[in-house]
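Have a look at the structure below before the remarks.
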Amino acid sequence: MIRYIRRAAALCLLLLVALLLNAARIQVLDADSLDHNPANRRLTIARYSQPRGNILVGGKSVTGTKDTGEQLKYERTYTNGPLYAPVTGYASQTYGTTLIENAEDGILSGTDSMLAPFPLWNEITRSQQPGGNVVTTIKDSMQRAAYDGLGGRRGAVAAVEPSTGRILALVSTPSYDPGLLSGTGSSVTDAWQQLNAAKSQPMLNRAIRQTYPPGSTFKIVTAAAALDADVVTDPDNETDTPSPYVLPGTSTTLPNEAEGCENTSLAEAIRVSCNTVMAELGVRVGLKGMVDAVRKFGFNDTGLKIPSGVAKSNFDTEMSDDQLALSSIGQFDTTATPLQMAMVASAVANGGDLKYPYLVDRTTTRSGSTVHRNGSHTYHQAMSPRTAVQLRRMMVDVVEQGTGSNAAIDGVKVGGKTGTAQHGIDNSGRPYAWFISWAQAPDSAQPAVAVAVVVEDAAANRADISGGGSAAPIARSVMQAALGK
Amino acid sequence: MTATTADAPPPELRLPKRRGVELLLLVGAVLISVYGYAAVGLARNDAVPPDVAGYGAGLGLLALLAHLAVRFRAPYADPLLLPIAVLLNGLGLVLIYRLDLETPKDQAAPTQLIWSTLGVALFIGVVVFLRDHRVLQRYAYLSVATALVLMIVPIFFPAVNGAKIWIRVGGFSFQPGEFAKILLAVFFAAYLAANRNALAHTGRRIWKLQLPTGRVLGPIVAIWLLSVGVLVLERDLGTSLLFFGLFVIMLYVATGRTGWIAVGLLLAAVGAFVVGSFEPHVHSRVQDWLDPFASIDAGRGPGQLAQSLFAFAAGGMLGTGLGLGHSILIGFAAKSDFILATAGEELGLTGLTAVFLLYALLVARGYRAGLALRDPFGRLLSIGLASILALQVFVIAGGVMGLIPLTGMAMPFLAQGGSSVVTNWIIVALLIRVSDQARRPRPDHVETGVIAPMAEEEP
């Protein structure tokens, strides 16, 4: 019997070994894939088990957290949700994250390995780092000026500091309160459905995620291309362009809204916004030259990140000359985000040196020591410094004696360009009013700010007036805020 | 070695009783449990639970009373059995208390503590009043009759969570099948001790397998039918597997006939396949085992087994620490069938291995007593009781870890469940009794202190 008892004991030992091997399989070998199974709630629970880090504007937090006492403990709150929604995005327990909440999630949720003083030791002790903070480049007064200026109309404002690329204001209206989406449950899903169904698309970040036909504001880009390509050597010389202009290879005539455009100089064409001149200059630069020029401003870049992705601003790379003519005045398939047009103004203001735009100044640990600091770096030399000097003068003329007079600020050098973009079938939609501008204080060597404003439902009859009428005053108050006036 | 010691007369050989070792180990077991209890409080509320002293004193008192019973009534008993039982029981209480924190409306630890107390009381009762395990041999047929009644009664009660294994009277519920395990082990041991020669040496031999004759095949078929009956009527795969496994092991130990094993495994395979294919409750368990994540893919969220696997995985090597895991996500039965997942998540592979080794040690000591005993009944009884523990641990641990299809069964001592904890204490009491018998010096050999293994005829 002893032999059989031993064999039975061996069977028990076999069972023990099977259990131990199986335990090792689950707890060590397969652990990683099981831990990251989307149906496993543990990562989510851990994520919300501590207060989320904050997003700072001008040294003050615009976010917070509240203890819900539920399984997902801490929920996001926003102190002035609609104002900063295009900057912060939302951090929802139900719908995930967007914008800075998404791009800097590792810092905010505390999972970023850079937050831990000793990463390896952390793995062993499983200690969680408190969520770090994200300091934005936004200037509160400018953000408010832009938000109040839009006054709930559909539109967007983007403002950057030309010398660094810091994004100073990023506004999209109508906006929404991201705090409505923070938690879980039916109130959140209801709010989500409501916001998504709303015709005004409050969750759309128009400043970086919506593209509009840039209309006449795009003429700055065409002018830069023409000057850089020596198609125009002196902006004050006559350009030998007919008005009205027959689009190459077609019998369609392109009219002007402005008077006296025939053969007029580039400077005058910018000042009064002549379609015919700029269309012809675009064709003279040629498709390759134009595509190359727009690329240096950021058009056709699908990878622009601030750190959230910016929608691609488009300039077709293959088209016929008549299409090129229309594209050169910001029509046809040419589209741009408000941020893209702010970059155009910024490039002109900064002597052609276009800085890469960024929204996050630095990230810090909970206690405030810096984890990562974003520096300024050049995105492209968008045009030659000489061209920039000429364009600056032309843009100043627009404000001082042209269509952009509503943007003028006493004692400050302001350059601008108005734009109106027709859209819809047969241009039946209400035109988009554009204004791009920059401002430089008299005692400063560097421009303080470059702004782009777009107002979607501008009610106006005459094209360029609407840009100057609806959008320029908003740009003016944003620039005033930037200059501290 | 010095000359003096070499010249000294050899000390009188005396078999140590090892009661001091047992007491020391008990102190350790109680302290570990108390530490676990305090660790849960520290992890959850940054404070030691206020009743930690009371809890420690209570567990300590129970351990001390059990120890005294053993010291006076079974002085030669194996010193490891009681400390392991106390440690597992204490750890179980900690885990249940820890899970109670997640379910404030459903407090299971106080009830479990009462059942544990009752279990220890019965342990003391068995140790004190059962002077010789051989007495049980006389009640073999009474045992099997009682076991059958206990197993049949729940069929007339409504099913709980798909299994008809519960008797509910008022707010009080228990699983009679748990007690039936011991009774069946007693019966098998008695029956096999009496008939093992007949079983071993009759029957036709086909090729290398010696098949049993029809006359003695009867009891085996009866047991098989009983297991399948339990499976079908009570929808309790675990108990069925346990009974059948127990019988096969004891039959093998008693006869050494591989033919029996072959027949048994064949019958078990046929039964399991048929029931697994056609009984919906068991069939769904098998499906779950084959693909624990099917419900996730189907968009219905993770099932219990998937949640259990998530819990084990979350534990990793060292565990999250007591009180810091999320095994409550398993939901229903987290404190009973799935208690091991909490151990796995919060104590890690390290802690889980320790728990498995405790069980292995408990089983090994039971086998050891079986080896050392002289009477066949005692041998078979201790092997049977130890095998119950081994099979039960394997079936439920393998089930919750996806090794075999999941069957509802309590992890011995750890899981919430009064009938289970009481039964396990009785099992340990019986093992204490047989091990005392095994290690007790025979009156005529007291001076040698050596237990010679019984010479026996091997087929």
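Just so you know, all these numbers are worked out from the coordinates, no wet-lab data involved. All values reported here derive from a predicted model rather than from experimental measurement. With ideal geometry, Cβ positions are generated from the backbone for all residues, glycine too; neighbour counts draw on all protein chains shown.
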Problem - Overall Cα dimensions of the range A:1-42 - principal axes, largest extent first, Å - result: 53, 15, 9
Completion exercise
The Cα extents of the range A:28-111 along the principal axes, largest first and rounded to whole Å, are 47, 27, 21
Exercise for the section: Would you list the membrane-span-like helices of chain B, meaning whole DSSP H runs whose alpha-carbon atoms span at least 24 Å along their axis and whose mean Kyte-Doolittle value is at least -0.5? Expected result: B:19-45, B:52-73, B:81-100, B:109-129, B:176-201, B:214-234, B:237-255, B:258-278, B:339-372, B:376-400, B:418-439
Practice task
Quick one: dipole size for the protein assembly as shown, taken about the Cα centre, charges +1 on Lys/Arg Cβ and -1 on Asp/Glu Cβ, in debye to the nearest 20.
Solution key: 4860
Problem - Debye intensity ratio I(q)/I(0), log10, the range A:1-145, q values 0.09 Å⁻¹ (C-alpha model) - result: -0.44
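Counting only helical runs of four or more DSSP H residues, what would the 222 nm mean residue ellipticity of the protein assembly as shown come to if each run contributes -39,500 (n - 2.57) and the total is spread over all its residues? Please report the intermediate quantities before stating the final value.
Values: 35 runs with 481 residues, N = 944.
After summing the helix terms and dividing by residue count, I get -16500 deg cm²/dmol.
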Exercise for the section: Determine the distance separating the Cα centre of the range B:372-404 from the Cα centre of the range A:322-350; give it in Å without decimals. Expected result: 80
Problem - Simple spin-label estimate for residue A:238 and residue B:157 in nanometres, 7 Å along Cα-Cβ - result: 10.9
Exercise for the section: Under a cut-off of 25 Å between alpha-carbon atoms, report the lysines in cross-link reach of residue A:73, not counting same-chain residues fewer than 8 places apart. Expected result: A:60, B:105, B:335
Practice task
Evaluate the distance, in nm, between pseudo-label points positioned 7 Å from the Cα of residue B:233 and of residue B:274 along their respective Cα→Cβ axes.
Solution key: 1.6
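Would you please calculate the Kirkwood hydrodynamic radius of chain B over all C-alpha pairs and express it in Å, rounded to one decimal? Please list the in-between numbers first.
Details: mean 1/r = 0.0428 Å⁻¹.
The Cα-based Kirkwood calculation yields 23.4 Å.
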Problem - Relative packing of A:269-279, B:116-126, B:99-109, which averages over residues the other C-beta atoms within 10 Å, highest first - result: A:269-279, B:116-126, B:99-109
Handout entry: Inter-centroid distance (Cα atoms) of the range B:253-291 relative to the range A:248-266, Å
Key = 90
Practice task
Taking all pairs of distinct Cα atoms, average 1/r, flip it, and tell me the Kirkwood hydrodynamic radius of the range B:245-377 in Å to one decimal place.
Solution key: 18.0
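Would you mind giving the three semi-axes, in whole Å and largest first, of the ellipsoid equivalent to chain A according to its Cα gyration tensor? Walk me through the numbers before you get to the answer.
On the way: eigenvalues 571, 114, 88 Å².
Each semi-axis is √(5λ); the values are 53, 24, 21 Å.
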Handout entry: For the protein assembly as shown, the Rg and Dmax computed from alpha carbons only, in angstrom
Key = 41.6, 134
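Give the residue list of chymotrypsin sites (Phe, Trp or Tyr not before Pro) in the range B:327-388 that are DSSP loop and have at most 12 other beta-carbon atoms within 10 angstrom.
Numbers: sites: B:332, B:338, B:356, B:359, B:367, B:377; in loops: B:332, B:338.
Qualifying residues, ordered by number: B:332.
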Problem - P(r), alpha carbons of the range A:365-456 - 5 Å bins starting at zero, rounded % - result: 3, 11, 15, 18, 14, 12, 10, 8, 6, 3, 1, 0
Problem - chain A: DSSP helices with Cα axial extent of at least 20 Å and average Kyte-Doolittle hydropathy no lower than 0.5 - result: A:2-24
Completion exercise
DSSP beta bridges in the protein assembly as shown: the antiparallel percent, rounded to 5, is 95
Fill in the blank from the handout: Distance in Å, no decimals, from the C-alpha centre of the range A:83-151 to the one of the range A:168-195 is 17
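Fewest first, what order do A:387, A:136 take by the number of other Cβ atoms within 10 Å?
Working: A:387 23, A:136 26.
Taking fewest neighbouring Cβ atoms as first place, the list is A:387, A:136.
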